[in-house]
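Single-structure report; data block below.
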Amino acid sequence: QVQLVESGGGLVQAGGSLRLSCAASGLTVNNVVMGWFRQAPGKDRQFVAAIDWNGSTLRYGDSVRGRFTISRDNTKNILYLQMNSLKPEDTAVYYCAADRTRWTLRESEYYYWGQGTQVTVSS
C-alpha cells in the first residue's frame, strides 16, 4: 500500500522559512515523478513544484519560483520543499504527490497523494 506522509508545516512570520518533508512508503520513488501542490481556503489546488525521478528536471509555479526549492533523497524515499521568504499568500494546505509516469505537472495525472500539512504565514 502506497502512503505519502507530509510533515514540517506550521505557523511562521512573513519572511521566515519552513522545510516540508514527504515520506513515501510502498513506492520506490526512484522511478516516479513527485510534486508539491497547495490549496488555500476557497481556492483550487495549485501547482507548486515538481521534480523528476532523478532530480535532473525541476519546475516551479510562478508564485514560488526563486523562493522555494524542491529536492528529493531517493535513498531515504523522502521529498522536500524548502520554503524561504514566505508571504501571507503562501498560506495553504500543502500536498505531496507522486506518479509512476516520468514527468507531469498536471494535478489530474498524479495518482498518489498525501493528506496535506498546513502552512500558515502571518503578516
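The values are calculated or read from the model by the stated rules, or taken from the named source; none is laboratory data. Worth saying up front: this structure is predicted, and the values here are computed from it rather than measured. Note: ideal-geometry Cβ built from the backbone for every residue, glycine included; neighbour counts use all protein chains shown. What goes into the accessible areas is simple: the full protein's heavy atoms, side chains included, and nothing from ligands, DNA or RNA. Shrake-Rupley method; radii C 1.70, N 1.55, O 1.52, S 1.80 Å.
Which of the peptides 7-14, 22-29 is most tightly packed, and how do the rest follow, going by the mean number of other Cβ atoms within 10 Å of each residue?
With the highest mean Cβ count within 10 Å placed first, the list reads 22-29, 7-14.
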- Query: What longest range of the chain stays clear of loop-exposed chymotrypsin sites (Phe, Trp or Tyr not before Pro) (DSSP non-H/G/I/E/B, at most 15 other C-beta within 10 angstrom)?
  - Reply: 1-102
- In the chain, with Lys and Arg counted as +1 and Asp and Glu as -1 at Cβ, which of these residues, Asn54, Leu105, Gly8, has the Cα nearest the positive end of the dipole, that is, farthest along it? Asn54
- If you place +1 on the Cβ of every Lys and Arg and -1 on the Cβ of every Asp and Glu, how big does the dipole about the Cα centre of the chain come out, in debye to the nearest 20? 140
- Tally up the carbon and sulfur contribution to the accessible surface of the chain as a whole percent, 1.4 Å probe, everything protein left in place. 44
- Task: Using only the Cα atoms of the stretch 66-123, each taken as one equal point scatterer with no solvent, compute I(q) by the Debye sum, divide by I(0), and report log10 of the ratio at q = 0.22 Å⁻¹.
- Result: -1.08
- Item | Residues of the stretch 1-114: accessible area per residue with a 1.4 Å probe, Å² | 52
- Item | DSSP loop trypsin sites (Lys or Arg not before Pro) with at most 16 other Cβ within 10 Å excluded, longest remaining stretch of the chain | 1-42
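Return the percentage of antiparallel bridges among DSSP beta bridges fully within the chain, rounded to the nearest 5 %.
90
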- Note on the structure: Here the averaged projected area of the stretch 1-91, based on the convex hull of its alpha-carbon atoms and given in nm², is 6.1
